[in-house]
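Report on one structure; see the data block that follows.
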Amino acid sequence: MKDHEETLQEMSFVPHFEEIDVEYDPGTTVSVTMHDGSHLQLRKLEEDYDPTNRIAAMTRLSEAHDKGEVLTGIFYVNTKAPSVLDMLNMVDEPLATLPESLTRPGREALEAAMEELR
Amino acid sequence: MATTPAAEPKTNHIGLTVIDYKGGKTTLCAGCGHNAISERIIEAMYEMGVQPERVAKLSGIGCSSKSPAYFMNRSHSFNSVHGRMPSVATGAMLANRNLLALGVSGDGDTASIGIGQFVHLMRRNLPLIYIIEDNGVYGLTKGQFSATADLGSKLKSGVINDLPPIDTCGLAIELGATFVGRSFSGDKRQLSTMLKAAIAHHGTVMLDVVSTIMRARPNPTNM
């Protein structure tokens with residue numbers, strides 16, 4: 001048994017730390033020292049970055065990854081795509097408030113459907 | 001003796017104070033980046049004048065998914081099953097499209113057990129703000145690597161991550177999310193601005209927020 005004994009968890013004390021705050025300008029990088037002494041290299045997108053270009057967004061993310069940088073900012077925005085709620089023609093009212101006349105088709109509708117399937 | 005009348009508390013354009021957007025006292029570690037993210041959510045919702053009762057907070061499991069308890073206690077809240085928040089969010093939004101859905105997940109909750117649900121959520125463009133509080137580890141279970149941990153990261157125990165990370169932003173863009181961004185929990189100005197833009201967007205917003213953790217955050221420079 002002891003030959004297969006492996007540590008799964010380490011019981012340890014979590015000390016109190018202050019929150020880490022950063023402030024850096026668009027188009028620049030900042031190295032952040034984390035609580036454990038490790039570092040993150042953050043790069044903020046430039047102010048004139050165009051977030052509507054999907055391919056460019058993917059490229060920028062890949063380039064940052066290759067450089068070991070964490071790219072920050074809004075990479076991509078598309079305001080024209082329909083939402084799933086629009087595609088499903090969902091009504092504006094909450095479903096729970098709809099009257100029975102709108103949520104229950106009624107006997108005639110059932111009979112018409114059954115007739116169609118005969 | 002004359003007393004000076006107390007100053008009227010500052011209110012937003014719907015007449016609420018920032019207190020109206022607060023939640024319970026956090027039980028996360030002091031200095032955890034997740035607490036900073038909660039503060040930014042409170043700030044953004046207050047400044048945008050969002051009615052708290054219009055907001056549905058949804059989450060999965062993990063340190064991140066506990067955090068909706070620490071902001072906006074007047075809002076609806078559903079702490080769902082591990083990695084299954086997208087299904088619950090979809091149901092909630094289908095039942096009432098007037099809600100403002102705010103999903104809070106973690107890197108483990110999203111990029112491992114919840115990756116299937118995440119993928120389908122992104123391609124549907126459901127109106128939802130999906131925040132990943134991303135610290136690269138499973139914090140609640142003592143810090144094992146998550147699927148967003150960097151290749152070559154080293155834990156305090158000496159274990160090295162030999163798997164490449166999943167870039168949730170790249171994945172979200174590829175799949176059709178209509179608002180994708182990344183910030184750092186300690187960048188107050190950027191995160192606050194991004195959250196306000198997210199509230200104004202109609203469609204799926206995916207924000208990956210790199211967060212600090214009190215235990216070692218897996219990072220190549222940690223080696």
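Taking the stated definitions as given, is B:R97 among the charged types (D, E, K, R) and free of Cβ contacts under 8 Å to residues at least 60 places away in the same chain? Explain how you work it out, then say what you get.
Values: among the charged types (D, E, K, R): yes; free of Cβ contacts under 8 Å to residues at least 60 places away in the same chain: yes.
Considered against the rule, which asks whether it is among the charged types (D, E, K, R) and free of Cβ contacts under 8 Å to residues at least 60 places away in the same chain, B:R97 comes out as yes.
When the range B:174-197 is examined, which residues are found to be more than 7 Å from chain A (Cβ to nearest Cβ) and buried (at least 24 other Cβ atoms within 10 Å of the Cβ)?
Passing the criteria: B:A177, B:S185, B:L191, B:L195.
Any residue at all in the range B:86-107 that is of a type in the set (S, T, Y) and surrounded by fewer than 19 Cβ atoms within 10 Å (Cβ to Cβ)?
yes
Scan the range B:15-28 for residues that are in contact (Cβ under 8 Å) with a residue 24 or more places away in the chain, open to solvent by 60 Å² or more (accessible area, probe 1.4 Å) and not hydroxyl-bearing (S, T, Y) and jot them down.
Selection gives B:K22, B:K25.
How do the pairs read when you match residues in the range A:54-69 that are open to solvent by less than 50 Å² (accessible area, probe 1.4 Å) with residues anywhere that are among the basic types (K, R) and at pLDDT 95 or above, using Cβ under 7 Å and keeping only pairs 6 or more apart or on different chains?
Between residues of the range A:54-69 that are open to solvent by less than 50 Å² (accessible area, probe 1.4 Å) and residues that are among the basic types (K, R) and at pLDDT 95 or above, the close pairs are A:A64/A:R43; A:E69/A:R43.
Can you name every residue in the range A:80-95 that is open to solvent by 100 Å² or more (accessible area, probe 1.4 Å) and small (G, A, S)?
Within the range A:80-95, no residue meets the criteria.
Out of everything in the range B:108-155 that is of a type in the set (V, I, T) and assigned to a loop (DSSP other than H, G, I, E, B), what residue ends up being most open to solvent (accessible area, probe 1.4 Å)?
For the range B:108-155, the residue satisfying everything is B:I113.
Could you list, in sequence order, all residues of the range A:97-110 that are modelled with pLDDT under 95 and open to solvent by 90 Å² or more (accessible area, probe 1.4 Å)?
Result: A:E100, A:S101, A:L102, A:R104, A:P105, A:R107, A:E108, A:L110.
Would you confirm whether or not the range B:198-207 contains a residue that is closer than 22 Å to B:H82 by Cβ and either open to solvent by 20 Å² or more (accessible area, probe 1.4 Å) or within 7 Å of another protein chain (Cβ to nearest Cβ) (or both)?
Scanning the range B:198-207, I find no residue that is closer than 22 Å to B:H82 by Cβ and either open to solvent by 20 Å² or more (accessible area, probe 1.4 Å) or within 7 Å of another protein chain (Cβ to nearest Cβ) (or both), so the answer is no.
Quickly run through the range B:29-50 and pick out the residues that are at pLDDT 95 or above, buried (at least 18 other Cβ atoms within 10 Å of the Cβ) and touching a helix residue (DSSP H, G or I) at 6+ places or on another chain (Cβ under 6 Å).
B:S38, B:R40, B:I42, B:E43, B:A44, B:M45, B:Y46
The values are calculated or read from the model by the stated rules, or taken from the named source; none is laboratory data. None of these values were measured; they are calculated from a predicted model. Because the Cβ atoms are built from the backbone with ideal geometry, glycine has one as well, and the counts that use them run over all protein chains shown. Areas reflect the complete protein model, heavy atoms only, side chains present, ligands, DNA and RNA absent. Shrake-Rupley method; radii C 1.70, N 1.55, O 1.52, S 1.80 Å.
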